[in-house]
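Have a look at the structure below, then the notes.
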């Protein structure tokens, strides 16, 4: 077996929070096993991600990514491949493995060209990976979708019956020309035959049935999560810090399980009507709240709805509206009763690790499937029902808040959430399932590096 000191892993990811955070968490996990890690991403990452260069055994590399917006998809792929090739050629290190983001499939070919074993770090649910795998390799299972029979459910191994609204949006007919859809198809149809490992950001106990059903996949997906901040798992973390003092003081003054935490990620932009409906529901609720409303990301031409002065005045004693907050630390606070979320996979895992019930408000991509998992598989909350025009009424939001906090199933939601929290901590513990799979991966990388 190779010496741990000789094993250096290169992780390549996109420069966005939803991609950087799990990559960074996995880097820390590998470092805890004695490996060296280089985390490579786009040059814009420092604008989105606090980089601490003093973490032992961890180095950062930044690709130039200031390319014209009108550049073709193919030219962006070519530039990415050239940047990674230059990094490998110019590095004094011998990389034992390249771990690539699933949306950077060009990294697989670069690894193959340099005869470096390659892994994919799948940053969505294993269930979503299974849906993509079956869709692109066994399309006959999706005849009802292809033939536009929207009311017919799709039956896949290890999953509950899925309707069209439960599927990842990129396999829907309306996304047939999407670059992201093409990337996923390329990964499933061609890329998987070139990689040694698929590492899933999940843990066995969370998606046990689906993982068992995926045992026939080659390569088999290995659950090495939940990739959340170590502080959520009771461990010390570089860059950890604490909640903003004013925010922490505000939360500390609130009773146990009395605050609704609301955040819909950085991509979702609500209309004025939708903002007003959420505000009305919160105003008439008896609960305090923290509502994160992020400004539209650069380049988004949609105008976000604004909160009225009347709402801000009426709720100033029990509500906070902020542009950003440390989500993981907020979710871990005892005053938080539930989490209204867009159901991105990172947020989904954070709710699980924190033991917090959820109100799912999915919009696109894998969020719709994650909402299905939360409500019908994990059973930690409810999923919001949208109206005919895609807008959620204030009455529906109020119903969901009541269901999760005071309804007949509220105690069961909390009980189940706490059970999954305990399972997540056990999985990441010394003899847990995740530690077993990570150790297995590390040993295989060491063997291949001999």
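The values are calculated or read from the model by the stated rules, or taken from the named source; none is laboratory data. Computed from a predicted model, the values in this text were never measured in an experiment. Backbone-built Cβ (ideal geometry, glycine too); neighbour counts: all protein chains shown.
When the residues of segment 62-90 are filtered to those that are at pLDDT 90 or above and out of contact with any helix residue (DSSP H, G or I) (no Cβ under 6 Å at 6 or more places or on another chain), which remaining residue is farthest from residue 27 (Cα to Cα)? Explain how you work it out, then say what you get.
Applying the first criterion (at pLDDT 90 or above) to segment 62-90 yields 81-90.
Next, from what is left, pick out any that are out of contact with any helix residue (DSSP H, G or I) (no Cβ under 6 Å at 6 or more places or on another chain): 82-83, 86-90.
Numbers: 82: 23, 83: 21, 86: 22, 87: 18, 88: 18, 89: 22, 90: 22 Å.
Filtering segment 62-90 for residues that are at pLDDT 90 or above and out of contact with any helix residue (DSSP H, G or I) (no Cβ under 6 Å at 6 or more places or on another chain), the one farthest from residue 27 (Cα to Cα) comes out as 82.
Give the number of residues within segment 270-286 that are farther than 22 Å from residue 252 by Cα and modelled with pLDDT of 90 or more.
Let us first name the residues in segment 270-286 that are farther than 22 Å from residue 252 by Cα, namely 270-281, 284.
Applying the additional criterion that residues be modelled with pLDDT of 90 or more yields 272-281, 284.
Qualifying residue count, segment 270-286: 11.
Residue pairs, Cβ under 6 Å, 6 or more apart or interchain, first in segment 342-364 and in the same structural domain as residue 377 (by TED's automatic domain parsing) and over 18 Å from residue 202 (Cβ atoms), second modelled with pLDDT under 95 and crowded, with 23+ Cβ neighbours inside 10 Å. List them.
Pairs found: 342/264.
Listed residues 175, 132; which is within 19 Å of the chain's Cα centre (by Cα) and buried (at least 16 other Cβ atoms within 10 Å of the Cβ)?
On the way: 175 fails: within 19 Å of the chain's Cα centre (by Cα).
Selected residue: 132, the only one of 175, 132 that is within 19 Å of the chain's Cα centre (by Cα) and buried (at least 16 other Cβ atoms within 10 Å of the Cβ).
Do you know which residues across segment 427-450 are in contact with a helix residue (DSSP H, G or I) (Cβ under 8 Å, 6 or more places away or on another chain) and over 23 Å from residue 99 (Cα atoms)? It would help to see each step written out before you state the result.
Step one: list which residues in segment 427-450 are in contact with a helix residue (DSSP H, G or I) (Cβ under 8 Å, 6 or more places away or on another chain), which gives 427-429, 432-435, 438, 442, 446, 449.
Scanning segment 427-450 gives a single hit, 429.
Which number in (1) touching a helix residue (DSSP H, G or I) at 6+ places or on another chain (Cβ under 8 Å); (2) at pLDDT below 85 marks the one condition that residue 267 misses?
(1)
Output the residues belonging to segment 287-301 that are modelled with pLDDT of 60 or more and in a loop (DSSP other than H, G, I, E, B).
287, 293, 294, 295, 296
Exactly one condition in (1) at pLDDT 95 or above; (2) more than 21 Å from residue 131 (Cα to Cα) is not met by residue 349; state its number.
For residue 349, the failing item is (2).
Yes/no per residue for (1) within 18 Å of the chain's Cα centre (by Cα); (2) surrounded by fewer than 18 Cβ atoms within 10 Å (Cβ to Cβ):
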position	(1), (2)
358	yes, no
372	yes, no
385	no, yes
389	no, yes
395	no, yes
421	yes, no
446	no, no
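Would you mind listing the strands (runs of 3 or more DSSP E) fully within segment 322-437 where at least 3 residues are farther than 20 Å from residue 166 by Cβ?
Numbers: elements: 336-341, 358-360, 381-383.
Hits in segment 322-437: 336-341.
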